[in-house]
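Novice: This is the structure I have questions about; it appears just below.
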Amino acid sequence: MQAKRTIFPNKILPYMLLVPQLAVTLIFFIWPALQAVKSSFELADSWGFQTTFVWFENYRRLFVDPNYFASVGKTAIFAFSVTALSMSLSLILAVAVNRVLRTNRLYTTLLVWPYAVAPVVVGILWWFMFNPTIGIASYLLRAAGVDWNHRMDGNDAMILVIIAASWKQISYNFLFFVAGLQSVPQSLIEAAAIDGAGPFKRFWTIVFPLLSPTTFFLLIVNMNYAMFDTFGIIDATTQGGPAQATNTLVYKVYTDGFLGQNIGSSSAQSVVLMIVVIALTAIQFRYVERRVQY
Amino acid sequence: MASIDISGVKKVYAGGVTAIHDLDLAIPDGELVVLVGPSGCGKSTLLRMIAGLEAISEGTISIDGIVVNAKEPAERDIAMVFQNYALYPHMTVRGNLEYGLKNRGTPRDEIDRRVTEAARILEIEPFLDRRPRQLSGGQRQRVAMGRAIVRQPKAFLFDEPLSNLDAKLRGQMRIEIKRLQRNLATTSVYVTHDQLEAMTLADRLVVMNAGRIEQVGAPIALYERPATLFVAGFIGSPPMNLIDVDYLRDKGALTLPEGTDLVGIRPDTIQLAAPEGPHVVLSAIVELYEPIGGESHLHMRLEGSGQLIVAAVPARTAVTEGARATLHVSIADLHPFNQKTGRRTD
């Protein structure tokens, strides 16, 4: 079959149509990225007047800095917890909706709303609820005998950002899981029921394996989200504190670069993150190409 | 091995739509019963109620003398072959066959023995370690059958199992299903909308329409003596010609039962040469001569009424399109009906 093509009589027009998008990409993505790579090889003096080219000095310092490895550890805990919590909760919700309401779209629509909330607003929302003095959640926790204070206690702070970040991501995961569940043919589940498998067994031996492409896709997306897309939430709730307890890699780029004015180290950190993103994306693309595995 | 008894069964959906009206049917042990009817007649719903995949609104279904209304599909000890086969795509053929046995805690050596046996019967041994997507339609069909027979259930339920196959394969599989069912002598319920499949497979044929049973009987008995107009039109291809009784009044010495207003004539009982014994004589103009191979179909318009009728005549019958044909039908081959009740009058 021949592909349908549009022929432009004017040779310049197609380029004109591409210019706005290309300009945005170049100015806001490519150029800053290149600047970051350049800065990561430079060291500025204390006054910021002069920069010297220092090769990999920034990277070398980074990889012997115990603070950096502390942040890597915090990020790992944070990303793993957010991914596990939001994916498992959204899978439970999706299964519940799929079971009860095969046709009703109302619940689906309602459950999608949190995704539309801006990260900073999500952060403030949870910050209010868990505020040690005025928050309803910390009030209830205190009534239950838990002395909640995320301003003082690093663990409390970590739990708070994990809850806030997971809550926002549940909607996204939920949508994909619902779509995945809907594409599992009903007759397979019926065949398994006749084959003597109870509801729990049917889920683990038939439905869950058939969801594995969706699950893997979401695993990558959620790791990406937790590691790189949670700046707003952390900034609005804990600002990396207390005592670096929630200072994830992305937030550390900001604190070191913009607050600490250590542009060289901050740039080196963002280049490292860039490489991680590229690696994750490569895995994702490789997998998406061979999506149907069974 | 078991009998299935359906008594006073009704299916009413949440919206108030009644899919099955007060249905009774007894299937003795070892019989192959075919439910046939147009789409939406309730045949699949009935099968799914026997399987336990649909709730029974009223009445009871018993398998082997035990009422199963409240039992889960797994507890009914039946096996079902689905239209789309419903093979587990992430398991090998062997995995598919073993799944039901493993769930029931069958010992390992017993599982192996039964899987080997089923694979041998269905000739799927070479594919045991493949995934369903690596198989052709016919092979998948065999695996679906295999999954049913390894379980050695009380009954087989078939939900249009051949409708996804091409015509040639469908014919082969039909014969295999029949042979398999004969050998295993397992009570079977088979749903189809294909009347050829229904006629050839059934020990007993159940014709359904709009949630009710129209007629139950041996396939050939239904063909030779349809009880209702619906069965007359549904069984047989090309379908029975239905002619107004008034048109036939002066065409021969008719003695029809009281209340007859419509007369059915099977296309293959229309003869060009006059038969012995009492018969009616019709004349018609041949519009189309359709050679099928073993026989030919004549599409004709009756003189006087202009009604279209079809006759099945031996191949190479010398007829030209546009010419007049004289048709003969033995009185014994007429099927008298009443249009209002839809029932046979003799």
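Novice: To check my understanding: the extent here is largest minus smallest coordinate of the Cα atoms along each principal axis. What are those three numbers for the stretch A:199-243, in Å, largest first?
Specialist: Dimensions of the stretch A:199-243 along the principal axes of its Cα atoms: 46, 19, 15 Å.
Novice: Next question. I'd like the mean, over residues of B:76-83, of how many other protein chain beta carbons sit within 10 Å of each residue's own Cβ. Mind dumping the intermediate values first?
Specialist: Values: counts 1, 2, 1, 3, 6, 1, 6, 1.
That works out to 3 on average.
Novice: Which angle from 0 to 90°, rounded to the nearest 10, does the C-alpha axis of helix B:167-184 make with the longest principal axis of chain B?
Specialist: 60
Novice: Moving on. For the protein assembly as shown, with all protein chains present and a 1.4 Å probe, just round the carbon and sulfur fraction of the accessible area to a whole percent.
Specialist: Details: 19600 of 32580 Å².
Carbon-and-sulfur percentage of accessible area, whole number: 60.
Novice: Among the DSSP beta bridges whose two residues both lie in the stretch B:4-233, what percent are antiparallel, rounded to the nearest 5? Working shown, then result.
Specialist: Working: 18 of 36 bridges.
Of those bridges, close to 50 percent are antiparallel.
Novice: Principal axis lengths of the stretch B:117-276 from Cα atoms, whole Å, largest first?
Specialist: Between the extreme Cα coordinates on each principal axis of the stretch B:117-276 lie 71, 32, 29 Å.
Novice: Quick one: how many lysine pairs in the stretch B:1-155 have C-alpha atoms under 22 angstrom apart, if they're 8 or more apart or on different chains?
Specialist: 9
Novice: Let me ask something else about it. log10 I(q)/I(0), Debye, Cα-only the stretch A:9-87, no solvent, q = 0.15, 0.19, 0.21, 0.22 Å⁻¹?
Specialist: Each listed q corresponds, in turn, to -0.85, -0.95, -1.00, -1.02.
Novice: Rounded to the nearest 0.05, what FRET efficiency do A:Ile92 and B:Ala55 give with R0 = 25 Å and r taken as the Cβ-Cβ distance? Could you check?
Specialist: After rounding, the FRET efficiency stands at 0.45.
Novice: Just to be sure I understand: with springs between alpha-carbon atoms less than 10 Å apart, which residue in B:Val310, B:Val191, B:Val206 has the highest mean-square fluctuation in the Gaussian network model of chain B?
Specialist: Highest fluctuation among the options: B:Val310.
Novice: Order B:Arg120, B:Arg142 by their accessible area, 1.4 angstrom probe, all chains in place, largest first. Show your work: numbers first, answer last.
Specialist: Numbers: B:Arg120 125, B:Arg142 40 Å².
My answer, sorted largest first, is B:Arg120, B:Arg142.
Novice: Please compute the Cα-Cα pair-distance distribution of the stretch A:46-177 with 5 Å bins starting at 0, giving whole percents from short to long.
Specialist: Calculated P(r), rounded to whole percents: 2, 9, 13, 14, 14, 13, 11, 9, 7, 4, 3, 1, 1, 0.
Novice: If you don't mind, another one. In the protein assembly as shown, what % of DSSP beta bridges are antiparallel (nearest 5)?
Specialist: On the way: 53 of 71 bridges.
DSSP beta bridges in the protein assembly as shown are roughly 75 percent antiparallel.
Novice: For the protein assembly as shown, with only Lys/Arg (+1) and Asp/Glu (-1) charged at the beta-carbon, what is the dipole magnitude about the Cα centre, in debye rounded to 20?
Specialist: For this selection, approximately 1460 debye.
Novice: Moving on to the next point. Kindly provide the Kirkwood hydrodynamic radius of the protein assembly as shown in Å, to one decimal, from all pairs of distinct alpha carbon atoms. Let's see the in-between values first.
Specialist: Numbers: mean 1/r = 0.0316 Å⁻¹.
Taking every pair of different Cα atoms in the protein assembly as shown, averaging 1/r and inverting gives 31.6 Å.
Novice: If each of B:Leu308 and A:Phe80 carries a label point 7 Å out from its Cα toward its Cβ, how far apart are those two points in nm?
Specialist: So the label points at B:Leu308 and A:Phe80 sit 7.4 nm apart.
Novice: Another question, then. Can you tell me the order of A:256-267, B:91-102, A:107-118 when each peptide is scored by its average per-residue count of other Cβ atoms within 10 angstrom, highest first?
Specialist: Values: A:256-267: 18.2, B:91-102: 21.5, A:107-118: 13.3.
In decreasing order of mean packing, A:256-267, B:91-102, A:107-118 become B:91-102, A:256-267, A:107-118.
Novice: Quick check for me: using +1 on Lys/Arg Cβ and -1 on Asp/Glu Cβ, what's the dipole size of chain A about its Cα centre, in debye to the nearest 20? The partial results should precede the final answer.
Specialist: Details: 19 positive and 13 negative charges, 215 e Å.
Taking the Cα centre of chain A as origin, the dipole is about 1040 debye.
Novice: Continuing with the same structure: By how many degrees, between 0 and 90 and to the nearest 10, does the Cα long axis of helix B:108-122 differ from the longest principal axis of chain B?
Specialist: Its long axis makes an angle of about 30 degrees.
Novice: Show me the helices of chain A, taken as full DSSP H stretches, that run 18 Å or more along their long axis by Cα and average 0.0 or above in Kyte-Doolittle hydropathy.
Specialist: On the way: long enough: A:13-25 (19 Å, 1.43); A:66-100 (51 Å, 1.21); A:154-182 (41 Å, 1.01); A:212-228 (24 Å, 1.07); A:263-289 (38 Å, 1.34).
For chain A, where a helix must reach 18 Å along its axis and average at least 0.0, the hits are A:13-25, A:66-100, A:154-182, A:212-228, A:263-289.
Novice: Quick one: buried accessible area between A and B, total over both chains, 1.4 angstrom probe, nearest 100 Å²? Walk me through the intermediate numbers first.
Specialist: Numbers: alone 18220 and 16100 Å², together 32580 Å².
Buried surface at the A/B interface: approximately 1700 Å².
Novice: Would you mind giving the three semi-axes, in whole Å and largest first, of the ellipsoid equivalent to chain B according to its Cα gyration tensor? All intermediate terms of the calculation are to be shown ahead of the outcome.
Specialist: Numbers: eigenvalues 411, 122, 46 Å².
Taking √(5λ) for each eigenvalue gives 45, 25, 15 Å, largest first.
Novice: Label B:Thr317 and B:Ser39 with points 7 Å out from Cα along Cα→Cβ: what is the distance between them in nm?
Specialist: Output for this residue pair reads 3.4 nm.
Novice: What do the square roots of 5 times the Cα gyration tensor eigenvalues come to for chain A, in whole Å, largest first, as semi-axes of the equivalent ellipsoid? Present the calculation step by step, with values, prior to reporting the outcome.
Specialist: Details: eigenvalues 294, 199, 68 Å².
Computed over chain A, the values are 38, 32, 18 Å.
Novice: Related question: Partner chain Cβ atoms within 10 Å, averaged over the residues of A:194-205 - can you pull that number for me? If you can, show how the numbers build up before the last one.
Specialist: On the way: counts 19, 17, 13, 7, 3, 1, 0, 1, 1, 0, 0, 7.
Mean shielding by partner chains, rounded to a whole number: 6.
Novice: Using only Cα atoms, what Kirkwood radius does the stretch B:239-337 have, in angstroms? List each step's numbers first, then the result.
Specialist: Values: mean 1/r = 0.0732 Å⁻¹.
Evaluated on the stretch B:239-337, it is 13.7 Å.
Novice: While we're looking at this one, here's another question. Cα centroid distance between the stretch B:214-264 and the stretch A:227-269, in Å?
Specialist: 87
Novice: What are the residues of the stretch B:102-131 that lose 30 Å² or more of accessible area, with a 1.4 Å probe, going from their chain alone to all protein chains?
Specialist: With the partner chains in place, the stretch B:102-131 has these residues losing at least 30 Å²: B:Asn103.
Novice: On to the next question. How much accessible area per residue does the protein assembly as shown have, in Å², with a 1.4 Å probe? Don't skip to the end; give the middle numbers.
Specialist: Numbers: 32580 Å² over 640 residues.
Result: 51 Å² per residue.
Novice: Viscosity 1.567 mPa s, temperature 4 °C: give me the Stokes-Einstein translational D for the stretch A:152-257 in µm²/s, with Rh taken as the Kirkwood radius over C-alpha pairs.
Specialist: Numbers: Rh = 16.2 Å.
In µm²/s, the coefficient rounds to 80.
The values are calculated or read from the model by the stated rules, or taken from the named source; none is laboratory data. Computed from a predicted structure; not experimentally measured. All Cβ positions, glycine included, derive from the backbone under ideal geometry; neighbour counts span all protein chains shown. Just so you know, the surface numbers come from the protein's heavy atoms only, side chains and all, with ligands and any DNA or RNA stripped out. Shrake-Rupley method; radii C 1.70, N 1.55, O 1.52, S 1.80 Å.
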